[in-house]
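Below: one structure, written as structure tokens.
The values are calculated or read from the model by the stated rules, or taken from the named source; none is laboratory data. In this text, all values refer to a predicted model and were calculated from it rather than measured experimentally. Glycine gets a Cβ as well: all are built from the backbone with ideal geometry, and neighbour counts include every protein chain shown.
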Ligand code: PLP
């Protein structure tokens, strides 16, 4: 018995985990298999080749790790760095904070560059630190591409440009958990050394796969990095890649078939079309927020996120009440404000397996909730602003023209 049953579909608008496509659900609905049979290595080989496309890399080496985004962080750090290494890490919200906490607990010497929550990474400070670092004591730059807590997208090409301008050899480690497959990510062009994501975000799979991609420079660094690692050791993966069996330990057969189906759907739509769809969803959401007379937590247009919008509520409203009501009254799941912005923002996740009409449903729900709790919103105002934009911008569905 499902005591929280509600009729119709839950409107899942948290910024991950996201909706899973029917095709992916069906692909995963299967028995276990012997992962040492010829079938799974063949499937894995193709997955490793294809997964490189979502990072836009040809030279990277991918790892499909049974873990979450947090484990993918650990894999990136422990394979490339040694305890005591100086790294620069940007603190702009809850997820960058958690990554920094992990970096400190792994005993790196973390030089934290903090911004007000709602702002992006402070690249002026990065520039001054790189300029001062003539003996190259900085071993890595760690940055969250899209800070899911505040809806802030950092400019990675600007980070790469600074590293190049100062001719600095630091590794460039990027959390793409809430960006990859939704916001354009150019691993090779930006010279990213380790990029990572989690399966439950824009890939629209269940939680459980950490997908990490390492540049040749990162693979080279892993040969001398002294951080203790066992489960996450790339060396073990590479050994099994060479042998053609691919798995140093038991993979989730169901997730591998799910990943195959998820990639097939993304390639069928076209990765750049997927990215354009997210851009429309993000823009439509921001137009609705503006029409409601509310503020986006993101403080400047340069950092707006196409996967999550953190909406600031007036001081007399508790944003957690918005989220509670959404679920209890409208079968709508929104994201809570986290840590410093708890009670102050609620988040609309608009990523993964989602289309424009679904978003309009969410926006109409948010309007009713705002009215419920005493915010003077005109019902339909945000939906109208979003719909006017979408009606002008939604292309024909390529496979139905
Ligand atoms: N990084 C970002 C940007 C995230 O949004 C999250 C989770 O939401 C994580 C890392 C942690 O991922 P996980 O919860 O899968 O460990």
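Number of residues in segment 107-121 that are within 16 Å of the ligand (Cβ to nearest atom) and either farther than 24 Å from residue 300 by Cα or more than 18 Å from the chain's Cα centre (by Cα) (or both): the value is 1.
Restricting attention to segment 152-175, the residues that are free of Cβ contacts under 8 Å to residues at least 60 places away in the same chain and closer than 26 Å to residue 350 by Cβ total 5.
Going residue by residue through segment 126-139, is there one that turns out to be within 16 Å of the ligand (Cβ to nearest atom), at negative phi, touching a residue at least 24 places away in the same chain (Cβ under 8 Å) and touching a strand residue (DSSP E or B) at 6+ places or on another chain (Cβ under 9 Å)? Looking through segment 126-139, none of the residues is within 16 Å of the ligand (Cβ to nearest atom), at negative phi, touching a residue at least 24 places away in the same chain (Cβ under 8 Å) and touching a strand residue (DSSP E or B) at 6+ places or on another chain (Cβ under 9 Å). Is it the case that segment 51-59 has a residue that's more than 17 Å from the chain's Cα centre (by Cα) and surrounded by fewer than 19 Cβ atoms within 10 Å (Cβ to Cβ)? Yes, there is a match, as at least one residue in segment 51-59 is more than 17 Å from the chain's Cα centre (by Cα) and surrounded by fewer than 19 Cβ atoms within 10 Å (Cβ to Cβ).
Within segment 192-202, restricting attention to residues that are in contact with a strand residue (DSSP E or B) (Cβ under 7 Å, 6 or more places away or on another chain) and more than 17 Å from residue 87 (Cβ to Cβ), which residue is nearest to the ligand (Cβ to nearest atom)? Talk me through it step by step, then tell me what you get.
Let us first name the residues in segment 192-202 that are in contact with a strand residue (DSSP E or B) (Cβ under 7 Å, 6 or more places away or on another chain), namely 192-199.
Add one more test, that the residue is more than 17 Å from residue 87 (Cβ to Cβ), and what stays is 197-199.
Values: 197: 9, 198: 4, 199: 8 Å.
Going through the qualifying residues, I end up with 198.
Answer yes or no as to whether residue 348 is closer than 19 Å to residue 295 by Cβ and in contact (Cβ under 8 Å) with a residue 40 or more places away in the chain.
Numbers: closer than 19 Å to residue 295 by Cβ: yes; in contact (Cβ under 8 Å) with a residue 40 or more places away in the chain: yes.
So residue 348 passes the test.
Contact annotation: residue pairs with Cβ atoms under 6 Å, 6 or more positions apart or on different chains, pairing a residue in segment 6-27 that is on the phi > 0 side of the Ramachandran plot with a partner that is within 16 Å of the ligand (Cβ to nearest atom), are 16/200; 16/201. Quick check on segment 214-229. Is at least one of its residues within 16 Å of the ligand (Cβ to nearest atom), closer than 23 Å to residue 98 by Cα and assigned to a loop (DSSP other than H, G, I, E, B)? Looking through segment 214-229, none of the residues is within 16 Å of the ligand (Cβ to nearest atom), closer than 23 Å to residue 98 by Cα and assigned to a loop (DSSP other than H, G, I, E, B). Take residue 312 and decide whether it is over 18 Å from the mean Cα position of the chain (by Cα), in contact (Cβ under 8 Å) with a residue 24 or more places away in the chain, crowded, with 17+ Cβ neighbours inside 10 Å and under 25 Å from residue 91 (Cα atoms). So residue 312 fits the description; yes.
Check 175, 164 and return the single one that is more than 11 Å from the ligand (Cβ to nearest atom) and either under 30 Å from residue 312 (Cα atoms) or modelled with pLDDT of 95 or more (or both). Full working, then the answer.
Values: 175 fails: more than 11 Å from the ligand (Cβ to nearest atom).
Result of the check over 175, 164: 164.
Only one entry in 337, 352, 361, 343 is in contact with a strand residue (DSSP E or B) (Cβ under 8 Å, 6 or more places away or on another chain) and within 28 Å of residue 119 (Cα to Cα), namely 337.
If you go through segment 128-166 and keep only what is within 23 Å of the chain's Cα centre (by Cα) and in a helix (DSSP H, G or I), you end up with 156, 157, 158, 159, 160, 161. Can you confirm whether segment 361-373 contains a residue that is over 15 Å from residue 333 (Cβ atoms), surrounded by fewer than 19 Cβ atoms within 10 Å (Cβ to Cβ) and in contact (Cβ under 8 Å) with a residue 60 or more places away in the chain? Scanning segment 361-373, I find no residue that is over 15 Å from residue 333 (Cβ atoms), surrounded by fewer than 19 Cβ atoms within 10 Å (Cβ to Cβ) and in contact (Cβ under 8 Å) with a residue 60 or more places away in the chain, so the answer is no.
So that you can scan it fast, the table gives a plain yes or no per residue for (1) at pLDDT below 95; (2) crowded, with 18+ Cβ neighbours inside 10 Å; (3) out of contact with any helix residue (DSSP H, G or I) (no Cβ under 6 Å at 6 or more places or on another chain); (4) on the phi < 0 side of the Ramachandran plot:
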site: 218; (1), (2), (3), (4): no, yes, no, yes
site: 249; (1), (2), (3), (4): no, no, yes, yes
site: 277; (1), (2), (3), (4): no, yes, yes, yes
site: 291; (1), (2), (3), (4): no, yes, no, yes
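Only one of the numbered conditions (1) touching a strand residue (DSSP E or B) at 6+ places or on another chain (Cβ under 7 Å); (2) more than 13 Å from the ligand (Cβ to nearest atom) is not met by residue 142, and that is (2). Residues in segment 169-191 that are out of contact with any strand residue (DSSP E or B) (no Cβ under 7 Å at 6 or more places or on another chain) and surrounded by fewer than 24 Cβ atoms within 10 Å (Cβ to Cβ): 169, 184, 186, 188, 189, 190.
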